[in-house]
1. Can you list residue pairs whose Cβ atoms sit under 9 Å apart, with the first residue in the range 28-54 being farther than 16 Å from Thr95 by Cα and the second being at pLDDT 95 or above and aromatic (Phe, Trp, Tyr)? Count only pairs 6 or more apart in sequence or on different chains.
2. Among the residues of the range 94-122, count how many are surrounded by 12 or more Cβ atoms within 10 Å (Cβ to Cβ) and part of a strand (DSSP E or B).
3. Within the group Val92, Val104, which residue is farther than 22 Å from Glu47 by Cβ and aliphatic (A, V, I, L, M)?
4. Identify, please: which residue in the range 123-141 is in a loop (DSSP other than H, G, I, E, B) and not polar (S, T, N, Q) and is, among those, modelled with the lowest pLDDT?
5. Which residue, of Gly66, Gly144, is at pLDDT below 95 and not aliphatic (A, V, I, L, M)?
6. I need the full set of residues from the range 77-91 which are hydrophobic (A, V, I, L, M, F, W, C), part of a strand (DSSP E or B) and closer than 15 Å to Thr131 by Cα, in order please.
7. Select from the range 55-85 the residues that are among the aromatic types (Phe, Trp, Tyr) and free of Cβ contacts under 8 Å to residues at least 60 places away in the same chain and write down the one among them that is surrounded by the fewest Cβ atoms within 10 Å (Cβ to Cβ).
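The values are calculated or read from the model by the stated rules, or taken from the named source; none is laboratory data. Because the structure is a prediction, the values reported are computed rather than measured. Quick reminder, even Gly has a Cβ in these numbers, built from the backbone with ideal geometry, and neighbours come from all protein chains shown.
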Amino acid sequence: MNFIPFSRSRLATSVLIALASVTLGCGGGGVGPRLAPVSGTVTFDGEPLSDALVSFYHEDDRPANGKTDANGYYELAYMADRPGAIVGENVVRITVATVEGEGVAPKKELIPAMYNVASELTFNVESGSNTNVNFDLKKTGGPG
């Protein structure tokens with residue numbers, strides 16, 4: 001029996017090729033939960049809510065987040081390179097509060113807890129595009 005010894009560099013190259021093949025064979029960028037685009041507007045007592053963080057939480061997974069612009073418009077991203085939110089039922093949390101950071105003063109929460117820390121908002125993200133996912137928040141009363 002002939003035995004051809006592997007050099008360390010050949011072994012390392014073989015391992016890297018095998019790992020790359022497994023990653024590419026599993027879909028590469030498709031690894032992770034199924035996502036769908038989500039966008040809409042947030043208003044607070046009928047006025048666009050700017051600079052708010054909109055977060056969709058799906059079970060025990062990481063949230064998808066988006067920041068509202070001056071018109072209250074947001075688009076969600078699961079990760080910087082993966083737009084959208086996880087398909088299925090999500091708890092929605094909307095906040096304007098910020099924490100103190102370097103050169104940044106904290107911003108106090110103006111939105112009632114029923115829209116963020118004790119959120120009563122939910123949305124079922126469906127496969128395909130989820131546009132006009134709008135929330136009209138109120139200072140008092142039920143979820144918007």
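1. Listed by first residue and then by second, the contacts come to Gly32/Tyr78; Pro33/Tyr78; Leu35/Tyr78; Val38/Phe56; Val38/Tyr74; Val38/Phe123; Ser39/Tyr73; Ser39/Tyr74.
2. 6
3. Val104
4. Here the answer is Gly141.
5. Working: Gly66 fails: at pLDDT below 95.
Result of the check over Gly66, Gly144: Gly144.
6. Looking only at the range 77-91, we keep the residues that are hydrophobic (A, V, I, L, M, F, W, C), and these are 77, 79-80, 85-87, 91.
Remaining after also requiring part of a strand (DSSP E or B): 77, 79, 85-86, 91.
Scanning the range 77-91 gives Ala77, Ala85, Ile86.
7. Narrowing the range 55-85 to residues among the aromatic types (Phe, Trp, Tyr): 56-57, 73-74, 78.
Filter again for free of Cβ contacts under 8 Å to residues at least 60 places away in the same chain, leaving 57, 73-74, 78.
On the way: Tyr57: 19, Tyr73: 16, Tyr74: 24, Tyr78: 21.
Filtering the range 55-85 for residues that are among the aromatic types (Phe, Trp, Tyr) and free of Cβ contacts under 8 Å to residues at least 60 places away in the same chain, the one surrounded by the fewest Cβ atoms within 10 Å (Cβ to Cβ) comes out as Tyr73.
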